[in-house]
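Here, each number is a calculation from the coordinates, and none is a lab measurement. Worth saying up front: this structure is predicted, and the values here are computed from it rather than measured. Cβ coordinates were reconstructed from backbone atoms using ideal geometry, including for glycine residues, and neighbour counts include every protein chain displayed.
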Amino acid sequence: IFQYVADFNAFRDDAHMAAWSGYDVMGYAWEAFSLVRGGTGKTAVSIYEQIAYRGYTRDEYAHALTQLHARGWLEQERPGSYFVTPAGQAVWDDVEQLTNSYFYRPWQILSNKELAKLESLLVQLRDELGK
């Protein structure tokens with residue numbers, strides 16, 4: 001079961017990458033943008049501390065934040081500390097909508113009866129796992 005859930009997560013990640021790739025942003029920059037937008041990282045240092053395992057440096061995250069600022073997606077609260085602008089939020093919203101569109105598209109082929117059956121099976125699985 002873990003593998004199936006991991007596969008769904010990977011599929012959603014792929015849908016998300018496809019959605020933001022149209023904005024011509026490097027993955028580490030998008031991840032930095034995500035952390036700023038989520039309120040958990042406002043500086044290159046705080047971003048680095050959270051995702052150092054990704055293998056990027058503080059300087060690379062600082063450069064990413066500078067690039068996102070130049071695009072108008074971020075604004076500075078003070079030097080080196082950022083928040084998302086309305087333009088950045090609009091990009092985020094667009095990417096989330098596209099992600100959902102890509103992720104749910106395969107299920108659009110299912111009839112209402114098939115969707116109801118799938119839901120019933122998933123509820124049964126959830127209930128059995130909860131025992």
Separation between the M26 and Q97 pseudo-spin-labels, each 7 Å from Cα along Cα→Cβ, expressed in nm?
3.0 nm
Once the in-chain neighbours fewer than 8 apart are removed, the aspartates and glutamates whose Cα is under 13 Å from K42 read E31, E75, E77
Most exposed first, judged by fewest Cβ atoms within 10 angstrom, I51, I1 run I1, I51
Could you state the angle between the C-alpha long axis of helix 58-70 and the longest principal axis of the C-alpha atoms of the chain, as a value from 0 to 90 degrees rounded to the nearest 10?
90 degrees
Looks like segment 1-106, by Cα gyration tensor root eigenvalues a ≥ b ≥ c and the a/c under 1.5 rounded cutoff (else prolate when a/b is bigger than b/c, oblate otherwise), is oblate
Arranged from highest to lowest average of other beta-carbon atoms within 10 Å per residue, in what order do the peptides 88-100, 63-75 appear?
63-75, 88-100
What residue among E119, E31, E77 shows peak mean-square fluctuation when the chain is described by a Gaussian network model with Cα springs under 10 Å?
E119
For the chain, modelled as a Gaussian network with Cα springs under 10 Å, which listed residue fluctuates most, Y56, Y82, Y102?
Y56
The summed charge of the R54 Cβ neighbourhood (under 13 Å; Lys/Arg +1, Asp/Glu -1) stands at -2
Through the Karplus equation 6.51 cos²θ - 1.76 cosθ + 1.60, θ set to phi - 60°, convert the phi angles of segment 80-93 into ³J(HN,Hα) values in whole Hz; use x for Gly and Pro.
x, 10, 10, 9, 7, 8, x, 5, x, 5, 5, 5, 4, 4
Measure nothing but the geometry: give the 0 to 90° angle between the long axis through the Cα atoms of 112-129 and the longest principal axis through the Cα atoms of the chain, rounded to 10°.
80 degrees
Phi-derived 3J(HN,Hα) across segment 102-109 with the Karplus relation (6.51, -1.76, 1.60, θ = phi - 60°), rounded Hz, x for Gly and Pro, is 5, 5, 8, 3, x, 7, 5, 6
Top mean-square fluctuation among W107, W20, W30, Gaussian network model of the chain, C-alpha springs under 10 Å?
W107
Nearest 10 degrees is fine. How inclined is helix 2-21 to the longest principal axis of the chain, computing both from alpha carbons?
50 degrees
